[in-house]
Every structure is written in structure tokens, then in C-alpha cells.
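Only one structure is covered here, and it is reproduced in the block below.
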Amino acid sequence: MADSGASADGPPPQPRPAIVSGPGGQRRARRRVVQRGPGRGRVRRRTRRPVPRPPAVRSSRRAPLDLVNSATGAVSFLGSLLLYAGYIYINAYFGYFHLDSFAIGFSTFELIVRSLRLATLPTLEVLALILLMPGLLRLLALLPVQDRYLRGVRRTGRAIARAHIAVAASGVLLMLLWRWIQPNAWVAPSLVAMGLLLGRTRAAAPVRATHSPAWERAGALVVAGLFLIWAVALVAGQLGRQDARNDAGQLVRRVAVVVVSNDRLSMVSPGVVYEDLGPGTHYRYRYSGLRLLIERDHRYYMVSLGWRRDIDPTFVIEDDDSVRIELRAGTQPPG
């Protein structure tokens, strides 16, 4: 019996297009492909439905969090570096005068203020160059600079970054020559830190290089930070000793101190002037020719004029009822 919908010899009925909903909510038609194979019935092949992709995570949501984490880490590292640099500077400065910085006692604010002595003009210039280096190409692009010069700058930067192993190795080599590179020994750990940091940049890795594991990146940053702290400590110690030598050579300009006492004090030094004001005087003995280094907790740390580091002592006088301390202006340079 013939089918009521079509004759036996007629063409097969065409299937209706199926309606499929896409990921974006739009509807599109999908037709079934019908083929007739040799000796077989009709074979139906259906097109594959598109697999909906999971919604992409917006990276903009993590940007503020990453910025806060980076800023917090940078501020913490910078604060620790300033405290350490301030301690090294103070210890080197007062150690030149046979004093211990812990015995004197300094607050955290004083350590940070003393560490600003490292903010010299060459240091600020180097820091400014490091901060402006990432934006150097964008700055050159805004200027009327030819493209070949821009390409040359890019090639130079990539070459320096890819030579990070040579930079770090040169720092290690300078460490082996430690005795002969004084007083510029801080260059050696600085080169090692620079090489490690350059190795973590994108320009240092090949184009198809795989990403290094997280522990390797963290280890490189930690080691680079340690070498950077070492370099800062060397610079701070060198500046502290240098400033102490300069001040010791110009003691006459520092604050003058006159000590008068009820009892005779054991202050013996070629630069100290001793006077006996006679009996019946409340403060009978007077000592002058002293220059003030620092005052802490009613203790005065002083040296005499013409003070010699290898021979002369540093005096520590505590201000009490039996002693009176007079502070006067030192000799100022003319003009």
C-alpha cells in the first residue's frame, strides 16, 4: 500500500529544517543531509552542534588586587631596606668614633632619616633611569625619531636581557677579586642582582620557551633581593665611614662643649683645656676644647679638638647635679 504522504516512485520527502539555539541566543536553521548509499537505505548525517564555551573570566577583576599586592610588597621591601641601610650607616659612622649604635639608642624614624643619606645625586639618577626604562620606547615613539633607531634600541635591550647570565657571572668574578675592587665592592653584588632580574624579563626568554615554575621565579627574586640588600649595605657603610672621616677632619665646626664639675674628671687628651677655678666655687673644675658628637638620654658623647682615631678617646659625660654642660657655637668658616 502506498504511503498517503507520497507515491512509491516519487522523490522522498525533504525533512524540515531543525531550529538550534546558539550560545548567543540567536536561532539558526540546521538541515539534515540525506544520502542514499549503494545497496543501503537512506543514511542520515547530522551536523555537530556547537559546544558552548564557558564564559571567560575577566582579567580586569584581578587587576586591582594584583596592583595592591605588588604595591604592598614593594613598600614592605623598601621600608625594610631603608631601616637596614640606616642602621648600617649609623653603625659605620659612630663606629669610627669607637661608639656602639645600640648603646646610644636610635628610634626607627631616626634610622629611616639617616638612610636618606644614600639619596645622593648619582643614586637618584640611576633609579630614575631604571624607572623610565620600560617607557623609553613609548617616549621615543612620540618624538620625531626614525624607525631604524627604535629597532636598534629594541635589539639592544633584548641583547642585554638575553646576556643576563654574563652579567651575573661578571658580578661573581668581581667577588673573587674582592681585595682589588675596593672601595667599589658594591658593584659585584649589584651586577649579580641585575643579572637575576634581567633573566626574569620577557625579552630574556626565547620566543617559544616554556614558562618556568613558580618556585624558580620566586627563588630568583629572593636571591636578587639579598644581593641588592648586600649592595645597599656596602654603600651605606662606605658613606658612613666617609662622613665620619670628613667630620673628624673638621671638628672645629661642630658644637663646642664646656664641662664644669664639682669634682675633678679624668678627661685627659691633648686637645682638652683644664682649668681650676679655685676653692669655694660651686663648679670648680672646667674642661673646654671639646666638640659634641651626639646627645642621648642626658648623655653627651664628645671628642677633643685634634682628635686622632688610633690614640685619643671618646668621652661620655652624663648630665647630673654634679656636672653642668654648656653648649656653644663652633668655629664657622668665613663668609
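If Lys and Arg each add +1 and Asp and Glu each add -1, what is the summed charge of the other residues whose beta carbon sits under 15 Å from the beta carbon of TYR84?
Numbers: positive: ARG114, ARG117; negative: GLU110.
Local net charge: +1.
Filter the GluC sites (Glu not before Pro) in segment 216-307 down to the DSSP loop ones having no more than 15 other Cβ atoms within 10 Å, then list what survives. Don't jump to the answer; show the numbers that get you there.
Working: sites: GLU216, GLU275, GLU295; in loops: none.
Taking segment 216-307 and a limit of 15 other Cβ atoms within 10 Å, no loop GluC sites (Glu not before Pro) are found.
Can you tell me the accessible area per residue over segment 285-331, all protein chains present, probe 1.4 angstrom, in square angstrom?
Details: 2520 Å² over 47 residues.
That works out to 54 Å² for each residue.
Pairs of Cα atoms under 8 Å, at least six residues apart: use those to get the relative contact order of segment 173-331, whole percent.
Working: 209 pairs, mean separation 32.0, N = 159.
For segment 173-331, the relative contact order is 20 percent.
What is the extension gain from ALA163 to ALA103, computed as 0.36 nm multiplied by their sequence separation minus the C-alpha to C-alpha distance, in nm to one decimal? Don't skip to the answer; put the middle values down first.
Working: separation 60, 0.36 × 60 = 21.60 nm, distance 4.69 nm.
The span from ALA163 to ALA103 would gain 16.9 nm if fully extended.
What order do you get for 297-303, 109-115, 154-160 when each peptide is scored by the mean count of other beta carbon atoms within 10 Å, highest first?
Values: 297-303: 18.1, 109-115: 15.7, 154-160: 12.9.
Top of the packing list down: 297-303, 109-115, 154-160.
LEU251: net charge of surrounding residues, Cβ under 15 Å, Lys/Arg +1, Asp/Glu -1, itself excluded? Don't jump to the answer; show the numbers that get you there.
On the way: positive: ARG245, ARG253, ARG254, ARG291, ARG308, ARG309, ARG328; negative: ASP243, ASP247, ASP312.
Surrounding charge for LEU251 is +4.
The values are calculated or read from the model by the stated rules, or taken from the named source; none is laboratory data. As the structure is a computational prediction, the values presented were derived from the model and not from experiment. Positions of Cβ are backbone-derived with ideal geometry, glycine not excepted, and every protein chain shown enters the neighbour counts. Side chains are part of the model used for accessible areas, which takes the heavy atoms of the whole protein and leaves out ligands, DNA and RNA. Shrake-Rupley method; radii C 1.70, N 1.55, O 1.52, S 1.80 Å.
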